[in-house]
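*Asks:* A single structure is presented below for examination.
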Amino acid sequence: MLNSIKAEVNRRAWNLHRQRVLLAVSGGRDSAALFYAFMELGYEFEVAHINYGLRGSESDGDEDFVKKICNNHHIICHVHRANPETSAPGESTQMWARRVRYDFFGGILSRRNLAYTAVAHHAGDQLEHFFIYLWRNQTDTAFRGILPESGSVIRPMLGILPSQIHAFLVEAGRSWREDSSNAKTDYLRNKIRHGIIGMMPDAEEQMHSFLKVSDAFQGQWKEQESVWNLRWHWNELDRGYWVFQRADIRGLELAWKQVFQRLGFSRDTWQHVQEGEVRVGARFASGLGYVLVASRGGFWYVHKELTEALAWEGILSDVELDFDFGGYRFRWCRGQDWKGEGVVLGRLPQKYSGKLVVVRAFQQGDRMPLKSGGTQKLSDLVTNEKWNPYEKSRMMVAEVDGAVVMAAAVGREVAGWSPEDWVLVGLAEVEAS
């Protein structure tokens with residue numbers, strides 16, 4: 001077991017001989033084995049333990065056990081006593097525990113300047129993970145398995161079988177705590193552990209076989225994601241958008257699906273993208289504030305939802321007036337005072353000088369006056385002028401006396417203004433604070 005952990009550490013270049021890490025120790029068999037393995041391998045570490053308060057005196061016993069082994073070996077031990085009443089509305093116990101766990105770990109890493117959090121997932125957890133995600137119909141995640149490294153979390157024991165862990169502890173006469181909840185079948189993971197895997201006569205052989213499958217699949221996933229990242233940059237979504245066609249997805253389906261999941265889109269949305277059979281203008285929102293819009297020619301646009309409503313409100317005077325909206329900086333000035341900086345996006349005639357002007361985000365139902373008299377829906381007007389979905393999402397209108405008198409968006413340059421007009425100039429992106 002020690003050789004397996006050491007080989008994995010070297011393979012992943014975690015450099016644990018030279019940097020201190022945090023060990024997540026519950027007191028159970030697996031985390032106790034990781035604790036003693038790190039001791040024998042000479043890795044520098046501190047311990048984090050969470051008492052979730054869900055099993056009464058048993059939880060307190062786990063905490064006392066972890067404190068004792070840390071004290072016996074002079075290891076720094078960080079303990080957090082969680083309160084189940086702090087869970088958010090609609091948040092399951094497992095979701096709450098995960099949030100508490102990684103918030104606690106992240107705080108320690110930052111405060112103590114530690115490199116990683118090491119957790120004790122092993123080959124049995126890999127096989128359980130496979131069946132869980134297969135049941136959820138997320139086959140790509142099922143075959144990919146648990147990642148050896150995700151963010152600051154590392155898993156040095158993924159290649160180790162449960163029997164090896166048990167033998168490592170028993171042969172050295174080391175103790176651990178048994179969690180009584182592991183014997184219950186309240187959770188899907190326990191049902192799989194005691195049901196499907198528990199009934200396999202060759203369970204550990206299957207675990208060993210799946211390690212090879214997941215390792216190969218992870219290699220494919222990383223390769224596809226690397227190719228994808230050469231073409232796309234995440235920070236573009238902070239101030240701009242992505243545009244792609246179905247042809248861009250072919251050959252990179254796995255990487256694209258992972259990206260869509262990270263952005264918070266549902267599996268149904270991904271299915272629509274793959275099939276491409278949606279009407280122009282179809283709009284899909286993610287749970288993380290991103291929007292996907294189908295456009296002409298089979299193009300798709302992805303961008304962040306604009307949550308701002310009011311951009312600027314004031315009286316047009318003889319001075320330049322700057323404001324920020326949607327991640328960009330804008331300026332009102334006289335046409336004669338514009339010095340060529342930025343792009344002119346809109347104009348208001350001189351007659352609006354001294355008027356109270358409200359610049360805000362577009363709202364459904366906004367109408368624009370026509371030169372011939374009457375009004376037209378602004379949404380129809382910009383569609384006729386072939387504004388793209390991102391421009392529509394960032395459309396600003398200027399309102400005077402309750403009537404819309406101008407529409408503008410970044411990238412939509414206007415012409416035909418005179419020196420006496422007020423012009424709206426798009427200057428640049430606002431620097432992130």
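*Asks:* State the number of residues belonging to the stretch 246-266 that are surrounded by 13 or more Cβ atoms within 10 Å (Cβ to Cβ) and out of contact with any strand residue (DSSP E or B) (no Cβ under 7 Å at 6 or more places or on another chain).
*Replies:* Residues that pass the stated criteria total 14.
*Asks:* State which residue is modelled with the lowest pLDDT when the search covers only the stretch 45-91 and only residues that are of a type in the set (Phe, Trp, Tyr) and under 19 Å from Asn182 (Cβ atoms).
*Replies:* For the stretch 45-91, the residue satisfying everything is Tyr52.
One line per residue, one yes/no per condition, for (1) under 30 Å from Leu237 (Cβ atoms); (2) in contact with a Gly (Cβ under 9 Å, 6 or more places away or on another chain):
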residue: Asp322; (1), (2): yes, no
residue: Gly327; (1), (2): yes, yes
residue: Cys333; (1), (2): no, no
residue: Asp337; (1), (2): no, no
residue: Pro349; (1), (2): no, no
residue: Phe362; (1), (2): yes, no
residue: Asp366; (1), (2): yes, no
residue: Pro369; (1), (2): no, no
residue: Leu381; (1), (2): yes, no
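*Asks:* Name every residue in the stretch 299-320 that is part of a strand (DSSP E or B) and over 18 Å from Leu237 (Cα atoms), in order of residue number.
*Replies:* Keep residues of the stretch 299-320 that are part of a strand (DSSP E or B), which gives 300-304, 310-315.
Selection gives Leu310, Ala311, Trp312, Glu313, Gly314, Ile315.
*Asks:* Which one of the conditions (1) aliphatic (A, V, I, L, M); (2) modelled with pLDDT of 90 or more; (3) under 14 Å from His49 (Cα atoms) does Ala123 fail to meet, given that it meets all the rest?
*Replies:* The one condition Ala123 does not meet is (3).
*Asks:* Please list, ordered by first then second residue, the pairs with beta carbon atoms under 7 Å, 6 or more apart or interchain, first in the stretch 373-397 and closer than 26 Å to Glu313 by Cα, second of a type in the set (Lys, Arg) and part of a helix (DSSP H, G or I).
*Replies:* Val382/Lys392
*Asks:* Also, I was wondering about something else. When you go through (1) loosely packed, with under 12 Cβ neighbours inside 10 Å; (2) at negative phi; (3) modelled with pLDDT of 90 or more one by one for Gln94, which number turns out not to apply?
*Replies:* Only one criterion is unmet by Gln94, namely (3).
*Asks:* So which pairs qualify, if the first residue must be in the stretch 10-22 and not assigned by TED's automatic domain parsing to the domain that holds Val119 and at pLDDT 95 or above, the second must be loosely packed, with under 12 Cβ neighbours inside 10 Å and outside any helix (DSSP H, G or I), the Cβ gap must be under 6 Å, and the two must be at least 6 apart or on different chains?
*Replies:* Sorted first by the residue in the stretch 10-22, then by its partner, the list stays empty.
*Asks:* When both residues are 6+ apart or on different chains and their Cβ atoms are under 7 Å apart, which pairs have a first residue that lies in the stretch 51-79 and is closer than 22 Å to Arg20 by Cβ, and a second that is surrounded by 14 or more Cβ atoms within 10 Å (Cβ to Cβ) and of a type in the set (Gly, Ala, Ser)?
*Replies:* Partner pairs satisfying both residue conditions: Val66/Gly27; His78/Ala48.
Every residue, every condition in (1) in contact with a helix residue (DSSP H, G or I) (Cβ under 7 Å, 6 or more places away or on another chain); (2) among the aliphatic types (A, V, I, L, M); (3) closer than 20 Å to Glu40 by Cα; (4) without any contact (Cβ under 8 Å) to a residue 24 or more places away in the chain, yes or no:
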| position | (1), (2), (3), (4) |
| --- | --- |
| Ala142 | yes, yes, no, yes |
| Ser152 | yes, no, no, no |
| Leu158 | yes, yes, yes, no |
| Pro162 | yes, no, yes, no |
| Glu171 | no, no, yes, yes |
| Ser175 | no, no, yes, no |
| Arg189 | yes, no, no, no |
| His194 | no, no, no, yes |
| Pro201 | no, no, no, yes |
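*Asks:* Under 9 Å between Cβ atoms, at least 6 apart or on separate chains: pull out the pairs that start in the stretch 244-255 with a residue that is under 20 Å from Gly297 (Cβ atoms) and end on any residue that is at pLDDT below 80 and not in a helix (DSSP H, G or I).
*Replies:* That search, which allows pairs on different chains as well, returns Phe244/Trp232; Gln245/Gly276; Arg246/Gly276.
*Asks:* Further question on the same structure: So which helices (runs of 4 or more DSSP H) are wholly in the stretch 232-298 and hold at least 1 residues that are at pLDDT below 85 and within 23 Å of Trp387 (Cα to Cα)?
*Replies:* Hits in the stretch 232-298: 236-239, 246-249.
*Asks:* Additional query: Please give the number of the condition Pro349 fails out of (1) surrounded by 17 or more Cβ atoms within 10 Å (Cβ to Cβ); (2) within 16 Å of Met406 (Cα to Cα).
*Replies:* Failing condition for Pro349: (1).
*Asks:* So, one more: Can you name every residue in the stretch 143-201 that is closer than 16 Å to Met1 by Cα, assigned to a loop (DSSP other than H, G, I, E, B) and aliphatic (A, V, I, L, M)?
*Replies:* Passing the criteria: Met157, Leu158, Ile160, Leu161, Ala172.
*Asks:* I need the full set of residues from the stretch 71-91 which are charged (D, E, K, R) and either surrounded by 15 or more Cβ atoms within 10 Å (Cβ to Cβ) or over 17 Å from Ser26 (Cβ atoms) (or both), in order please.
*Replies:* Glu85, Glu91
*Asks:* As an exercise: evaluate Ser226 against (1) modelled with pLDDT of 70 or more; (2) exposed (fewer than 12 other Cβ atoms within 10 Å of the Cβ); (3) assigned to a helix (DSSP H, G or I) and give the number of the one condition it does not meet.
*Replies:* Of the numbered conditions (1) modelled with pLDDT of 70 or more; (2) exposed (fewer than 12 other Cβ atoms within 10 Å of the Cβ); (3) assigned to a helix (DSSP H, G or I), the odd one out for Ser226 is (1).
The values are calculated or read from the model by the stated rules, or taken from the named source; none is laboratory data. All figures in this text were calculated on a predicted structure; none of them were measured in a lab. Don't worry about glycine lacking a Cβ; one is built from the backbone with ideal geometry, like all the others, and counts go over all protein chains shown.
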